[in-house]
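Undergrad: Structure provided below as structure tokens; questions to follow.
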Amino acid sequence: MSAIITDQLRISNALGFIEKVNSPDNAYYVFLGLSNSTEYLSTWEELPPFPRDNFNEENTVWDTMFSLKKISPGDVSPVIRRINWESGRTYDMYRNDISIDKRANQTDSTSLYASDYYVITQDYRVYICLQNGTTPESSSGNPSLDEPTFTDLEPRAAGTSGDGYIWKYLYTIRPSEIIKFDSTNFIPVPRDWKTNSDYSAVIENASSSGQLKIVTILDRGRNLGAPGLYQNIPIKGDGSGATVTIIIGSDRTVDSVFVSNGGSGYTYGTIDLESSGLFLTDPPKFSVIIPPKGGHGADIYRELGSTNVLLYSRIENDIGDPDFIVGNKVARVGIVQNPEAFDSTSILNKQKASSVYALKLRPNSATILPNSTFTQDIVGVGTAVGRVVSYDSETGVIKYWQDRTLYGYTTSGISTNSVNGYSQIQFTSENNIDVNNIIIEVDDDFSGISTVINNGTVYLGQNFENGFANPEVKKYTGDIIYIDNRPSISRSLNQKEDIKVVLQF
């Protein structure tokens, strides 16, 4: 038995995912994590490891996560491959029958969506190529010489070079979409194609101007009749009303053919040469190109193969907003779906959130470096150990996570017995901590989410109770749906990061 999952399911899943992100019943977050990548793997910086898709990896990702930012409905868009228009480049043309048996004429692709049949221009306009100059003498088409710039609704040539190209204008990418969703490899498709009035004219044109647009010549024929125009020749098929005009040259072969009336309702068709008035002893051969359902521009997602989704997030280090740490490195970016708020079964509903623990320390002279470790002896229980994510000497806040390798487990969760006597226990606010053999008191008198420094209020990002703060998100909840291990980048107070994640369905 032979079966296939079609591209239309992938398109449907991509659009369905966008609906889920936009739904108030869901919450999707971009997260940053893993500050000590080379301790996980010495070759991480040269060759970050491919993420493992299993539940243990999901837990270790949660362990090393320290900051999350919510993805808003305006931060997700369908995207397609970026195919730039370039002078002298030969493009594929739209065909509804591209397959492994009838490959694209130029790229030899085995599917429409893998072929180069549309372009984006320097003006951020997107056009579909309906004819690439294909003739019996040039079956793969010709180089494109005229960049399309028009926004006319009907397909036409872009210039006067005679390159044979016919382009159909589809849409112009909005400036706001360029900032968020344009990238080296992908361009955005409008998120609201069927509901936004900006595109209604293109959709209306698709349904009202006639369905058929292009007929190509496969064989010019011979001895066809007197030179001149042969008009109103019907196209037979399951639709109605379509006609073509055939021009016979002085050599009594077909010079050109064009659709004079597009008709409607065709899923297949052929030119009715019997009614053409031509001599058919050695007849010509044509290919009637069938557009997508509803005509070109009716359903942009189906026409362009929108099987990819881009999620955008900008990480900024706002003064007084310490959720995203600075002074450390980041080697992992990802997306988590529907995490829960700490100590709750409700979905997290914050624009930004911290996923690390924190202690408020009393004034001290210790040097506390990112990724270093510190401990706390708890009488009768054991010794807790933490790895520093960040430390602010002014506020006295140390943020940390508890690395399983420090208390006797590999990153895959295999026990190697205790290390240096450390225990798998949480810190408390009731005991001092040890930083490089310097004992520092936890400020167990402090409770709240802000503190005053030099007569100014400083927001701490987490709610402290007696000097101790839990994460704002409940670890190990929701589903991590994307993981990107990458060479580390250092984060500083004055930098911003634009994160663009492409999910392929």
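Undergrad: Give the residue, chosen from Asp53, Asp63, that is out of contact with any helix residue (DSSP H, G or I) (no Cβ under 6 Å at 6 or more places or on another chain), without any contact (Cβ under 8 Å) to a residue 60 or more places away in the chain and under 27 Å from Ala341 (Cα atoms).
TA: Numbers: Asp63 fails: without any contact (Cβ under 8 Å) to a residue 60 or more places away in the chain.
So the residue among Asp53, Asp63 that is out of contact with any helix residue (DSSP H, G or I) (no Cβ under 6 Å at 6 or more places or on another chain), without any contact (Cβ under 8 Å) to a residue 60 or more places away in the chain and under 27 Å from Ala341 (Cα atoms) is Asp53.
Undergrad: Name the residue, out of Thr216, Thr243, that is in contact with a Phe, Trp or Tyr (Cβ under 8 Å, 6 or more places away or on another chain), within 22 Å of Gly265 (Cα to Cα) and either part of a strand (DSSP E or B) or assigned by TED's automatic domain parsing to the domain that holds Ser139 (or both). Show your work before the answer.
TA: Working: Thr243 fails: in contact with a Phe, Trp or Tyr (Cβ under 8 Å, 6 or more places away or on another chain).
The conditions single out Thr216.
Undergrad: Here's another thing I want to ask about it. Among the residues of region 158-170, is there at least one that is crowded, with 18+ Cβ neighbours inside 10 Å and within 24 Å of the chain's Cα centre (by Cα)?
TA: For region 158-170, residues crowded, with 18+ Cβ neighbours inside 10 Å and within 24 Å of the chain's Cα centre (by Cα): present.
Undergrad: On to the next question. Filter region 319-360 down to residues that are hydroxyl-bearing (Ser, Thr, Tyr), closer than 21 Å to Val385 by Cβ and surrounded by fewer than 23 Cβ atoms within 10 Å (Cβ to Cβ), then give me how many there are.
TA: Count: 1.
Undergrad: Looking at region 426-436, can you tell me whether even one residue there is among the aliphatic types (A, V, I, L, M), buried (at least 18 other Cβ atoms within 10 Å of the Cβ) and out of contact with any Phe, Trp or Tyr (no Cβ under 7 Å at 6 or more places or on another chain)?
TA: Residues of region 426-436 that are among the aliphatic types (A, V, I, L, M), as a first pass: 433, 435.
Next cut, buried (at least 18 other Cβ atoms within 10 Å of the Cβ) only: 433, 435.
The next check asks that each one be out of contact with any Phe, Trp or Tyr (no Cβ under 7 Å at 6 or more places or on another chain); those that pass are none.
Within region 426-436 (the criterion being among the aliphatic types (A, V, I, L, M), buried (at least 18 other Cβ atoms within 10 Å of the Cβ) and out of contact with any Phe, Trp or Tyr (no Cβ under 7 Å at 6 or more places or on another chain)), the answer is no, since none of the residues qualifies.
Undergrad: Here's another thing I want to ask about it. Inside region 376-403, can you point out the residues that are among the β-branched types (Val, Ile, Thr) and out of contact with any Leu (no Cβ under 9 Å at 6 or more places or on another chain)? Write out each step before concluding.
TA: Of all residues in region 376-403, those among the β-branched types (Val, Ile, Thr) come to 378-379, 381, 383, 385, 388-389, 395, 397-398.
Ile378, Val379, Val381, Thr383, Val389 - these are the residues of region 376-403 that are among the β-branched types (Val, Ile, Thr) and out of contact with any Leu (no Cβ under 9 Å at 6 or more places or on another chain).
Undergrad: Would you please name the residue that is modelled with the lowest pLDDT, looking only at residues in region 406-425 that are in a strand (DSSP E or B) and surrounded by 12 or more Cβ atoms within 10 Å (Cβ to Cβ)? It would help to see each step written out before you state the result.
TA: Here is the first cut: in region 406-425, the ones in a strand (DSSP E or B) are 409, 415, 422.
Add one more test, that the residue is surrounded by 12 or more Cβ atoms within 10 Å (Cβ to Cβ), and what stays is 409, 422.
On the way: Tyr409: 76, Tyr422: 81.
Looking at the filtered set, the residue picked out is Tyr409.
Undergrad: Go through the residues of region 375-385 one by one and say whether even a single one is surrounded by 16 or more Cβ atoms within 10 Å (Cβ to Cβ) and part of a loop (DSSP other than H, G, I, E, B).
TA: no
Undergrad: If only one of Asp92, Asp63 is more than 30 Å from Val330 (Cβ to Cβ), in contact with a strand residue (DSSP E or B) (Cβ under 8 Å, 6 or more places away or on another chain) and surrounded by 15 or more Cβ atoms within 10 Å (Cβ to Cβ), which one is it?
TA: On the way: Asp63 fails: more than 30 Å from Val330 (Cβ to Cβ).
Sole residue among the options that is more than 30 Å from Val330 (Cβ to Cβ), in contact with a strand residue (DSSP E or B) (Cβ under 8 Å, 6 or more places away or on another chain) and surrounded by 15 or more Cβ atoms within 10 Å (Cβ to Cβ): Asp92.
Undergrad: Looking at Val452, Val442, can you tell me which residue is surrounded by fewer than 15 Cβ atoms within 10 Å (Cβ to Cβ), over 26 Å from the mean Cα position of the chain (by Cα) and over 23 Å from Val30 (Cα atoms)?
TA: Working: Val442 fails: surrounded by fewer than 15 Cβ atoms within 10 Å (Cβ to Cβ).
Only one candidate qualifies: Val452.
The rows are residues; the columns are (1) touching a Pro at 6+ places or on another chain (Cβ under 6 Å); (2) of a type in the set (Asp, Glu); (3) within 13 Å of Phe286 (Cβ to Cβ); (4) modelled with pLDDT under 95.
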residue	(1), (2), (3), (4)
Ile203	no, no, no, yes
Ser207	no, no, no, yes
Gly210	no, no, no, yes
Ile214	no, no, yes, no
Arg220	yes, no, yes, no
Ile233	no, no, yes, no
Asp251	no, yes, no, no
Val254	yes, no, yes, no
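Undergrad: Confirm whether Gly295 is outside any helix (DSSP H, G or I) and in contact with a Phe, Trp or Tyr (Cβ under 9 Å, 6 or more places away or on another chain).
TA: Criteria not met by Gly295.
Undergrad: Tally time: how many residues in region 101-122 are at negative phi and part of a loop (DSSP other than H, G, I, E, B)?
TA: Residues in region 101-122 being at negative phi and part of a loop (DSSP other than H, G, I, E, B): 15 in total.
Undergrad: If you don't mind, there's one more thing I want to ask. Mind checking which residues of region 483-505 are assigned to a loop (DSSP other than H, G, I, E, B) and within 24 Å of Arg52 (Cβ to Cβ)?
TA: Hit for region 483-505 is Phe505, nothing else.
Undergrad: Now for a separate question. Among (1) in contact with a Lys or Arg (Cβ under 8 Å, 6 or more places away or on another chain); (2) free of Cβ contacts under 8 Å to residues at least 60 places away in the same chain; (3) among the small types (Gly, Ala, Ser), there is one condition Gly327 misses while meeting the rest; what is its number?
TA: Result: Gly327 passes all but (2).
Undergrad: Taking only region 219-240 into account, find how many residues are part of a strand (DSSP E or B), within 45 Å of the chain's Cα centre (by Cα) and surrounded by fewer than 14 Cβ atoms within 10 Å (Cβ to Cβ).
TA: Adding up the residues that qualify gives 2.
Undergrad: Okay, next question. Filter region 471-497 down to residues that are surrounded by fewer than 14 Cβ atoms within 10 Å (Cβ to Cβ) and polar (S, T, N, Q) and give me whichever is nearest to Lys70 (Cα to Cα).
TA: Among those residues, the one meeting the criterion is Gln495.
Undergrad: Could you list, in sequence order, all residues of region 72-109 that are within 25 Å of the chain's Cα centre (by Cα), among the β-branched types (Val, Ile, Thr) and more than 21 Å from Ser12 (Cα to Cα)?
TA: Scanning region 72-109 gives Ile83, Thr107.
Undergrad: When Leu273 is evaluated against the numbered criteria (1) within 12 Å of Lys213 (Cβ to Cβ); (2) touching a residue at least 40 places away in the same chain (Cβ under 8 Å), which criterion, by number, is the only one it fails?
TA: The one condition Leu273 does not meet is (1).
The values are calculated or read from the model by the stated rules, or taken from the named source; none is laboratory data. Just so it is clear, the model here is predicted, and its values are computed rather than measured. Note that each Cβ is placed from the backbone with ideal geometry, even for glycine, and that neighbours are counted across all protein chains shown.
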